[in-house]
């Protein structure tokens, strides 16, 4: 019994592998990474997105690689979220690397105009077996010429702008990460965790990547099927909220690639026909959706639009009374031929 307790304690504390692995000749992640001497360099810069570099840092540290941060200098860096970090190495003294991680964030635009940063990325990637970009880090890779002739993705809100920095690149919308050989690009934010786990699977094996995902309690789907850019709420007109009264409360926003529903509580007395007119006017103002002629009822309207792939969509906007004087605004979107 005492031996069993010690074994379980070691696993819980992160010193071992799943219990079944304790009975076989299993190579632990730290032993395999140490034997291969894998160095992972993460580029950091002012206003870098925190999770973009911290997510990969956690995954690669769990894999027991030699992971470290690299910046132009060793001055403290404030991330986009206000966290202050101190880089470990500079461009001049960073060790040879096996994996280069290029995160994104609001500071990317400034780095695109930083000759020292762009030269270091180009020179490092040239001699690095694997490069991983996170979010708008793909902009840096694109301008450095690393994505020429390849497929790539980035943060869902930045996909339309990636060709500006990577004109010879095929833009991928329907994957959370894209493996183009020596370059792996990921979508935004937590996608860096996904891409890092996938990179670990390439370097150290799927079993180790899966074990790390389990250990950090991350629900990892290796097929990269979750793609934020493919959800239909991307096509909601930006002008729509203008028609809703101030103080409205978003209750829910959810769906999948074929459906989406948004509900909003309007916590003040409104005459539904007048409010619907305001909402309809804000949608029409965008010019992105067309109103369907036939009526959807006194307190509802129907719309249609075509997405970037040519698929037809139908949307219904409705207002229904709730308790007291509140109204519930509902927007339902549905692919016409799923």
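The values are calculated or read from the model by the stated rules, or taken from the named source; none is laboratory data. Just so we're clear, the structure is a prediction, and the values are computed from it rather than from any experiment. In this analysis, Cβ positions are derived from the backbone assuming ideal geometry, glycine residues included, and neighbour counts consider all displayed protein chains.
General remarks:
Condition check ((1) closer than 27 Å to residue 79 by Cα; (2) within 17 Å of the chain's Cα centre (by Cα)) across all residues:
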{"residue": "156", "(1), (2)": "yes, yes"}
{"residue": "169", "(1), (2)": "no, no"}
{"residue": "174", "(1), (2)": "no, yes"}
{"residue": "181", "(1), (2)": "no, no"}
{"residue": "189", "(1), (2)": "yes, yes"}
{"residue": "196", "(1), (2)": "yes, yes"}
{"residue": "210", "(1), (2)": "no, no"}
{"residue": "236", "(1), (2)": "no, no"}
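- Of the strands (runs of 3 or more DSSP E) lying entirely inside region 83-179, the ones with 2 or more residues being under 13 Å from residue 43 (Cβ atoms), touching a residue at least 12 places away in the same chain (Cβ under 8 Å) and assigned by TED's automatic domain parsing to the domain that holds residue 219 are found at 99-102, 130-133.
- Flag for residue 229 being over 26 Å from residue 333 (Cβ atoms) and outside any loop (DSSP other than H, G, I, E, B): no
- Of the residues making up region 288-295, one or more are crowded, with 17+ Cβ neighbours inside 10 Å and assigned to a loop (DSSP other than H, G, I, E, B).
- Just one of the listed residues (117, 138) is on the phi < 0 side of the Ramachandran plot and in contact with a strand residue (DSSP E or B) (Cβ under 6 Å, 6 or more places away or on another chain), namely 138.
- Condition met for residue 254 (surrounded by fewer than 17 Cβ atoms within 10 Å (Cβ to Cβ), within 30 Å of residue 156 (Cα to Cα) and modelled with pLDDT of 95 or more): yes
- Counting only residues that are modelled with pLDDT of 90 or more and assigned to a loop (DSSP other than H, G, I, E, B), region 297-338 holds 6 of them.
- Residue in region 240-250 that is assigned by TED's automatic domain parsing to the domain that holds residue 61 and more than 14 Å from residue 132 (Cβ to Cβ) present: no
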